[in-house]
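Sharing a structure with you now.
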Amino acid sequence: MCAPSAGENQLNPRIGPATAPARARLLRPRWYRYVLLYSMVVRRSKVNAYCQTPPTPPPMPTPTPTPTHDAHAHAHARDAAARTIQTFVRAQLRRVSALRRISDIARRLEDATAHFVFPAALDFADVGDANGHAAAVPALLYTPANAALHGHEDALMKLLSEADAVESGGDAPVRRARKALVGRIEGALGALDAQVVGVWRARGMEVDGGEERGQVCPEGDAIGVDISMN
């Protein structure tokens, strides 16, 4: 841009050698002022953004926790709770196992009693003992006629032994269930003995002074009783 002439300096006496910077600013084109204003606005926005967003502080190192009394107490309480839960679970498992065994024995007892048929004839031993006195109810001989009765009695005795072997561990439900099962088995054995006594008495096989009323083997070793004649 050309410098002002001497005539221009005369027409505008405010512009002189001392005001050269001001004169340069006045003679700048209008668009330069907009560029300057835009640069100032951009600079101010950057400054404001920096002031509003503080710098991210560096990460602080995490201190390593040291064991304290509270930590030890918490660990002890946690171990005690775990032991309590384990004891409860084990007790429940023992209860379930014992109740399953009792239920299995009860099922086998029902099957045995349902399929048992009392023999139609029984063979009794000699009615006299070693001193010649009459026995109330003679013992049953191990003959084919008494095989079913002896087998059923043995099965009931085995079930009774299995029921007695079930450990309750102090558990009340298991103890009650085992007691009820033992009572059922003993009741079945008692009913079986009552049937045998009833058969003997029904046939009138009694000894009075060495004389027998009934059928006696010639050797006097066994007496056969047929209950099918009733």
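Read-outs: derived from the displayed coordinates by stated rules, not from any lab. Predicted, not measured: the structure shown is a model, and the values here were computed from it. No Cβ is skipped: glycine too gets one built from the backbone with ideal geometry, and neighbour counts run over all protein chains shown.
Please sort by residue number the chymotrypsin sites (Phe, Trp or Tyr not before Pro) in segment 76-172 whose DSSP state is loop and whose Cβ has at most 13 other Cβ atoms within 10 Å.
Values: sites: Phe88, Phe116, Phe124, Tyr142; in loops: Phe116, Tyr142.
Those satisfying the criteria are Tyr142.
State, to one decimal in nm, how far the label point of Val89 lies from the label point of Glu110, with both points 7 Å from Cα in the Cβ direction.
A separation of 3.3 nm, rounded to one decimal place.
Would you kindly state how much longer the chain becomes between Ala165 and Tyr38 on full extension, computed as 0.36 nm times their sequence separation minus their alpha carbon distance, in nm to one decimal? Provide the component values of the computation, followed by the final result.
Working: separation 127, 0.36 × 127 = 45.72 nm, distance 10.07 nm.
That works out to 35.6 nm of additional length.
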